[in-house]
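Undergrad: Input: one structure, supplied below.
The values are calculated or read from the model by the stated rules, or taken from the named source; none is laboratory data. All values reported here derive from a predicted model rather than from experimental measurement. Positions of Cβ are generated from backbone atoms using ideal geometry, with glycine treated the same way; all protein chains shown enter the neighbour counts. Heavy atoms of the whole protein, side chains included, go into the accessibility calculation; ligands, DNA and RNA do not. Shrake-Rupley method; radii C 1.70, N 1.55, O 1.52, S 1.80 Å.
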Amino acid sequence: MALSYYDGQLHRGITRYAKEAGWILDTSMVHYGVPPQFWKGDGIITIFLPYRPQITEFLLAQHCSTVALYGDMEEIKVSRVLTDDYLVGQMAAQEFLDRRFEYMAFAKFTDLRAVNEREMGFRDTVLKEGKKYILFDFRSKKKGSSTNWLSRLKHYIERTPKPIGLLAQSDHRANTLISGCDQLGIAVPNEVSIIGVDNNEHISDFASIPISSVDCQREQMAYQGAKLLDSLMKGNDAPPKPLIIKPTSVVVRQSSNHYAIKNHSVVRALQFIDNNYLKQIGVKDVVDASLTSRSGLYLLFENYLHHSISEEISRRRIAYAIRLLLETDAPIHRIAFQSGFQSTENFCRVFKRLIGLQASKYRDNFWK
C-alpha cells in the first residue's frame, strides 16, 4: 500500500478488501512515507504524484501488478481507478447556484490533473448559468512565505463582490482558507462560503468552522482499486479504460450554510426547511417560521427560487434520499420514510418527477 500521502478513507477501503481477500498487506509506506527495504510482493496499490519521485522510482523497479488511484503521470501505463473530478466541480457549483450566489470562485494551489478537472467542471457550470467566475490562483513558480498566499487571498476577496461561493481544491486547502479568512477578519460563511472536496471527516468535522465538502466516495474508490489489483494478480487482463467513481453529493456543514438572498423572510424559511425537512413539516410550518403571510411567501419563493414552498421541501428530501440510495443498501421503502416522505408511493412519484428515473433504476445506473 504505497500512498503518496495519508488518507484514512483510502486506507479503510483498501484494508476492507484486503481482509475479504485474505491478503498479507504491507502498510509501512503509509506510516513512514518511505519505501520498505526488503519488500517482495505480488501487487501494489498506489498514488503516482510528480513531487514524490522516490516512491515512483521504487514502484517502477518492482515489476509487479500495480493499480493507481490518481490520474497524474499518465506516461506510466498502469491500471487506474479515478474520481469523476469534472462532476465534483459541477456539484459544488450547483450547490452555490441553489443558494443563489452570483459570484463564485475556485481556489487553486496546484496543477494536479484532478484539480484542473475540478476547476473546469466548476467554471463551466458557473458560466453556463450566466454567473461570475473568478480564479483564486495560489500557485507559485517559486516558494513563497505563508504571508504571500494570505496577501493574495486578501487581494482576491477585496476585489470580488460578496458574498462569494468559494470551492477549494480539497478539504485540506479549505481548512487553510478558513484559517486565512479568520486572520483577515472575513466572516465564513456570510461573506465567503467555502466548500472542500473529499469529505474527509478527519479534517471537515474538526476545523474551526466545520467544512462542507463534496463526497467523492474515496473509500469505495480504494475498495474498487484493491479489487482490481486482486484481479490483475490472478492473471486477468487489465481493463482498457480507468474505472471512474462518481461523487455522490455535497455534504453541507457550517462553512457553506448561507443563502445569498437579501430577503430575510425567504432566508428564514429556507433555514427552517434546512433544519426540519426530514420531519413531517408542511407549507404552514414554513410560513410560520418565515414571519410573513402565506401569499407573501409564495410570491417571494417564485421570485427568488422560481418554485413553490412544497417543491423546495421535496427537493431537499430527494437530495437526502439520493445520498441514502448511493451510500447504503437500504430498501426503497425504508429510504422513503427516512427522507421525510409519508408513503413509498409518494416518494417514488416525486423522485421520478424530479430526477426523471425510478429510484431503483437511479441506484443501478450510478454503479454501472
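Undergrad: State whether the residues of the range 236-249 include one that is more than 21 Å from Leu87 (Cβ to Cβ), touching a residue at least 60 places away in the same chain (Cβ under 8 Å), hydroxyl-bearing (Ser, Thr, Tyr) and part of a loop (DSSP other than H, G, I, E, B).
TA: Taking every residue of the range 236-249 in turn, none turns out to be more than 21 Å from Leu87 (Cβ to Cβ), touching a residue at least 60 places away in the same chain (Cβ under 8 Å), hydroxyl-bearing (Ser, Thr, Tyr) and part of a loop (DSSP other than H, G, I, E, B).
Undergrad: Restricting attention to the range 42-59, report how many residues are open to solvent by 30 Å² or more (accessible area, probe 1.4 Å) and at pLDDT below 90.
TA: Result for the range 42-59: 7.
Undergrad: Shifting gears a bit: With the requirement that a residue be surrounded by 23 or more Cβ atoms within 10 Å (Cβ to Cβ), of a type outside the set (Val, Ile, Thr) and in contact with a Phe, Trp or Tyr (Cβ under 9 Å, 6 or more places away or on another chain), what does the range 73-89 give you?
TA: Result: Arg80, Gly89.
Undergrad: Please go through (1) within 18 Å of His63 (Cα to Cα); (2) touching a helix residue (DSSP H, G or I) at 6+ places or on another chain (Cβ under 7 Å); (3) open to solvent by 40 Å² or more (accessible area, probe 1.4 Å); (4) not aliphatic (A, V, I, L, M) for Pro36 and return the number of the only condition it doesn't satisfy.
TA: All conditions are met except number (3).
Undergrad: With respect to Gln94, is the statement that it is under 30 Å from Asp124 (Cα atoms), open to solvent by 10 Å² or more (accessible area, probe 1.4 Å) and not in a loop (DSSP other than H, G, I, E, B) true?
TA: In short, yes.
Undergrad: Kindly indicate the residue of the range 321-345 that is part of a helix (DSSP H, G or I) and open to solvent by 50 Å² or more (accessible area, probe 1.4 Å) and also farthest from Cys216 (Cα to Cα) among those meeting that condition.
TA: Filtering the range 321-345 for residues that are part of a helix (DSSP H, G or I) and open to solvent by 50 Å² or more (accessible area, probe 1.4 Å), the one farthest from Cys216 (Cα to Cα) comes out as Glu345.
Undergrad: Next question. Within the range 257-308, considering only helices (runs of 4 or more DSSP H) that don't extend past its boundaries, which have at least 2 residues that are under 23 Å from Ile164 (Cβ atoms) and in contact (Cβ under 8 Å) with a residue 40 or more places away in the chain?
TA: Counting at least 2 such residues, we get 264-276.
Undergrad: So which residues in the range 99-127 are more than 16 Å from the chain's Cα centre (by Cα), within 23 Å of Cys181 (Cβ to Cβ) and in a helix (DSSP H, G or I)?
TA: Answer for the range 99-127, where residues must be more than 16 Å from the chain's Cα centre (by Cα), within 23 Å of Cys181 (Cβ to Cβ) and in a helix (DSSP H, G or I): just Val126.
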